[in-house]
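What follows is a single structure, written as structure tokens, with notes after it.
Where a number appears in this text, it was derived from the coordinates with a stated rule and is not lab data. Note that the coordinates shown come from a computational prediction; the quantities given were computed from them, not determined experimentally. Methodologically, a virtual Cβ is constructed for each residue, glycine included, from the backbone with ideal geometry; neighbour enumeration extends over all protein chains shown.
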Amino acid sequence: MTKNVRVRFAPSPTGPLHIGGVRTALFNYLFAKKHNGTFVLRIEDTDQNRYVEGAEKYIVDALNWCNIPFDEGPGKNEKFGPYRQSERKHLYKQYAEQLIASGNAYYAFDTAESLDAARKEHEANKETFIYNWHNRLQLSNSLSLSAEETQTKLAAGEDYVIRFKSPQNETLHLTDIIRGNVTIDTNVLDDKVLFKSDGMPTYHLANIVDDHLMEITHVIRGEEWLPSLALHYQLYKAFGWESPEFAHLPLILKPTGKGKLSKRDGDKLGFPVFPLEWKSPEGEISRGYKEDGYFADAMVNFLAFLGWNPGTEQEIFNLDELVTAFDLDRVNKSGARFDPDKIKWFNHHYMQEQNNDDLAEIFKPIVDDNVSLSAVERSDIDVNYIAMVVGLIKERATFVNDFWDLSAFFFVSPKTYDEKAYKKAMKEDTRELMSELSMLINTVEDFEVENLTTTIKTWITNKEIGFGKVMMPLRLALVGALQGPDVFDIMYMIGKNQTVERIENLATTI
Ligand code: GLU
């Protein structure tokens, strides 16, 4: 690639960024970094009616949480700024007028009512109303009216829009990096509105003008924008500007594989569809991956595979590895199924890579809460102890929120015993064995894992009894169930007094 790559992520701040938007941002980021290019954030807020307070901050926070910050954007390296379209408002009109002057656009004065009536009339005849070459001369615009009539209307301050004059009988040859060549017959295109009488450009005009002014080389965006590609191509041509290259990313499908994943699916299907929790201005809360206990690396790794694959069996990629491996050539055309179990799988993996001390910091408040609730033996829980516990249990955990259930016995002694486990572990001679065992443990001076293991195993061997006869009730006494990490690790962690006490507690139930 010889050009200096510049890509942009151009969300509209109409609410929280959907997970699909994060995927678009990620692919832009990866492409930019792969080519030592620049990743731009542009806020497309021309539609003031859909503007939602807090949405821009949410977008920035989400990109930062994912570790895919923008290089240029609002408040950062503003050399092509401003990056909010509402602050670039003054720029667009001249471009719309330029298109009128060159015969590529025209003023249209049709009222909303007259267009509505025309639409209804068409519907009644089972036809679709398209504003274009076939009927534009019957409608109210600067092509059907005389120059004087047009001037009079403009001078009188009548409401107007500026529409693109889509050509008749032309075939457009468009290229998309992911989809290859696409041919479009211009006769099916409508004359899209580029500029509104409220002084605001529409998405199409603002988007093309800004991509040009910001020297964007590659437009990487969701498939839902593919239908706009023909117009965008024509706009570049009409302005005489070189068009960027386009890549339309595949849709993200519901877990069933049928239909596009929507913002509402999260509530319906029980998983977040937003990176961060979102509180709407009305106070409604939507779950976020971050707050649900997902690691940003896991989410990024998962999202990278929504539509892209490296062409090998490798699934685990950190961000740097993604930058190296990523290529738009390996992005699929077909929709990518969103599998909420797969992101859990990634989270489990990334959990193992996390530093135990960091995890312990997150887990500590949960431990403190639970321990104070049970008002018991260990009230002085040291974060280093918690980190050791984390090291012993995290391989069974997907989320930090799983930790307490997996490790409560490291902090508080069991209050009850799992019924099935109890039946399985307790035999006639258990009481006697447990009392001998607690005496033995009391005599162990060097209370660490290796010594405990040898002492107890030797004792069992010498007694010529099965290991299960001792190990099962011992585990039950310590954990309350027949689960958990190595029994000797648990003994070492909770210490001699707790070990003996728990064995004795079990014995009292017999
Ligand atoms: N503002 C559009 C959006 O919200 C941008 C589409 C594009 O990238 O061209 O997705």
What's log10 of I(q)/I(0) for region 220-268 at q = 0.18, 0.20, 0.21, 0.30 Å⁻¹, Debye sum over Cα points only, no solvent? -0.66, -0.73, -0.77, -1.11
Give me the Kirkwood hydrodynamic radius of the chain, using the inverse of the mean 1/r over all pairs of distinct Cα atoms, in Å to one decimal. 27.8 Å
List the GluC sites (Glu not before Pro) within region 427-503 that DSSP assigns to loop and that have no more than 10 neighbouring Cβ atoms inside 10 Å. Glu428, Glu445, Glu464
Two-decimal ratio, region 264-415, of alpha-carbon radius of gyration to 2.2 N^0.38 Å: 1.25
Return one number: the angle in degrees, 0 to 90 and rounded to the nearest 10, between the long axis of the Cα atoms of helix 449-463 and the longest principal axis of the Cα atoms of the chain. 50 degrees
Given labels modelled 7 Å from the Cα in the Cβ direction, how far is it in nm from Gln94 to Thr111? 3.5 nm
Region 406-493: C-alpha pair distances exceeding 14 Å, %: 64 percent
Rg followed by Dmax, in Å, when region 1-102 is reduced to its Cα trace: 14.8, 46
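Taking every eigenvalue of the Cα gyration tensor of region 158-258, multiplying by 5 and rooting it, what semi-axes result, largest first, whole Å?
The three semi-axes for region 158-258 are 24, 17, 16 Å.
Report Rg(Cα)/(2.2 N^0.38 Å) for region 184-332, keeping two decimals.
Rounded to two decimals, the normalised Rg is 1.30.
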Run the reach check for Lys153 against aspartates and glutamates, Cα to Cα strictly under 12 Å, same-chain hits fewer than 8 apart removed. What comes back? Asp110
With angles folded into 0 to 90 degrees, how steeply does helix 89-101 sit against the dominant principal axis of the chain? Use alpha carbons for both and round to 10. 40 degrees
Can you give the longest run of the chain that contains no trypsin sites (Lys or Arg not before Pro) sitting in a DSSP loop with at most 11 other Cβ atoms inside 10 Å? 265-414
Set of lysines near Lys120 by C-alpha distance (under 20 Å), chain-local residues within fewer than 8 positions excluded: Lys192
Give the lysines whose C-alpha is closer than 22 Å to that of Lys463, dropping any in the same chain fewer than 8 places away, or say none. Lys424, Lys427
With the contact rule set at Cα under 8 Å and sequence spacing of 6 or more, what percent relative contact order holds for the chain? 12 percent
Projected area averaged over all directions for the convex hull of the alpha carbon atoms of region 344-471, nm², comes out at 9.9 nm²
Quote the relative contact order of region 1-103 in percent (integer), defining contacts as alpha-carbon pairs under 8 Å separated by 6+ residues. 29 percent
Distance from region 91-108 to region 29-52 (C-alpha centre basis), Å: 26 Å
Expected output is a single nm value to one decimal: the length gained when fully extending between Phe467 and Asn125, i.e. 0.36 nm times separation in residues minus the C-alpha distance. What is it? 114.7 nm
Phi-based couplings in Hz for region 312-325 (Karplus 6.51, -1.76, 1.60; Gly and Pro marked x): 10, 7, 4, 10, 8, 9, 7, 4, 5, 5, 5, 4, 5, 7
Find how much the distance from Ser262 to Asn4 grows on full extension, using 0.36 nm per residue of separation minus their present alpha carbon separation; answer in nm with one decimal. 89.4 nm
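In nm, what is the difference between 0.36 nm times the number of residues separating Asp329 and Lys457 and their Cα-Cα distance? Present the calculation step by step, with values, prior to reporting the outcome.
Numbers: separation 128, 0.36 × 128 = 46.08 nm, distance 5.91 nm.
So the chain would gain 40.2 nm between Asp329 and Lys457.
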Nearest 10 degrees, 0 to 90: what angle lies between the long axis of helix 203-213 and the longest principal axis of the chain (Cα atoms)? 90 degrees
